[in-house]
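Written below as structure tokens is the structure these notes are about.
The values are calculated or read from the model by the stated rules, or taken from the named source; none is laboratory data. The shown structure was predicted, so the numbers you read here are calculated from the model rather than taken from an experiment. In this analysis, Cβ positions are derived from the backbone assuming ideal geometry, glycine residues included, and neighbour counts consider all displayed protein chains. The accessibility values were calculated without ligands, DNA or RNA, using every heavy atom of the protein model including side chains. Shrake-Rupley method; radii C 1.70, N 1.55, O 1.52, S 1.80 Å.
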Amino acid sequence: QVPLVESGGGLVQAGDSLRLSCAASGRTLSIDTMGWFRQAPGKVREFVVGITWSGGWYYADSVKGRFTISKDNTKNTVYLQMNSLKPEATAVYYCAGRRGGIYTTPNEYNYWGQGTQVTVSS
């Protein structure tokens, strides 16, 4: 098992910034890729961005230019910097991990965090 723990969610106003963190523990060598997904009420879980421990990344078009993913290999932690937040970004944000490369579909990921709520008010 690879427990993933997200933190950093909260309530912000449109245009504000927020940084999420996801710390992995346990058998972290089982993970090559970390991804962020989000799920708004009544909607399916959608891919936001993924990053490999070797440094590759891939962003969903909807967040390009505003969201930035980064990692600290020494802490087994990935970060999601979210700038210029819009109300439509309101969702529960989940961190996920998988062996192998970046996929955008949730069922390709084996490990999931509990999620952290992000609410953007207009």
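Overall, the chain carries a charge dipole of about 100 debye about its Cα centre when +1 sits on the Cβ of Lys and Arg and -1 on the Cβ of Asp and Glu, all other atoms neutral. Working note: Karplus 6.51/-1.76/1.60 with θ = phi - 60° gives the range 103-108 the couplings 10, 9, 9, x, 6, 7 Hz, where Gly and Pro are set to x. Taking trypsin sites (Lys or Arg not before Pro) as exposed when DSSP calls them loop and at most 11 other C-beta atoms lie within 10 angstrom, the chain has its longest site-free stretch at 65-122. Along the range 78-95 the Karplus relation, 6.51 cos²θ - 1.76 cosθ + 1.60 evaluated at θ = phi - 60°, assigns HN-Hα couplings of 10, 10, 10, 8, 10, 10, 6, 5, 10, x, 6, 7, 4, 4, 8, 9, 10, 9 Hz to successive residues, with x for each Gly and Pro. Which of 74, 104, 28 moves the most in a Gaussian network model of the chain with Cα springs under 10 Å? Residue with maximal mean-square fluctuation among 74, 104, 28: 74.
Modelled label positions at residue 11 and residue 43, each set 7 Å beyond Cα in the direction of Cβ, lie 2.1 nm from each other. Taking a straight Cα-Cα cut-off under 16 Å and skipping sequence neighbours fewer than 8 places away in the same chain, the aspartates and glutamates within cross-link reach of residue 71 are 6, 32.
Solvent-accessible area per residue in the chain equals 51 Å², computed with a 1.4 angstrom probe and all protein chains kept.
Averaging the Cα positions of each part gives two centres, and for the range 45-122 and the range 1-29 these lie 9 Å apart. Scalar couplings 3J(HN,Hα) for the range 55-70, obtained by applying the Karplus form with A = 6.51, B = -1.76, C = 1.60 to θ = phi - 60°, are x, x, 8, 8, 10, 5, 4, 5, 10, 4, x, 10, 9, 9, 9, 8 Hz; x denotes Gly and Pro. Listed by chain and number, the aspartates and glutamates whose C-alpha is less than 16 Å from the C-alpha of residue 43, apart from same-chain residues fewer than 8 away, are 88. The portion of the accessible surface of the chain made up by carbon and sulfur, rounded to a whole percent, is 49 (1.4 Å probe; DNA, RNA and ligands excluded).
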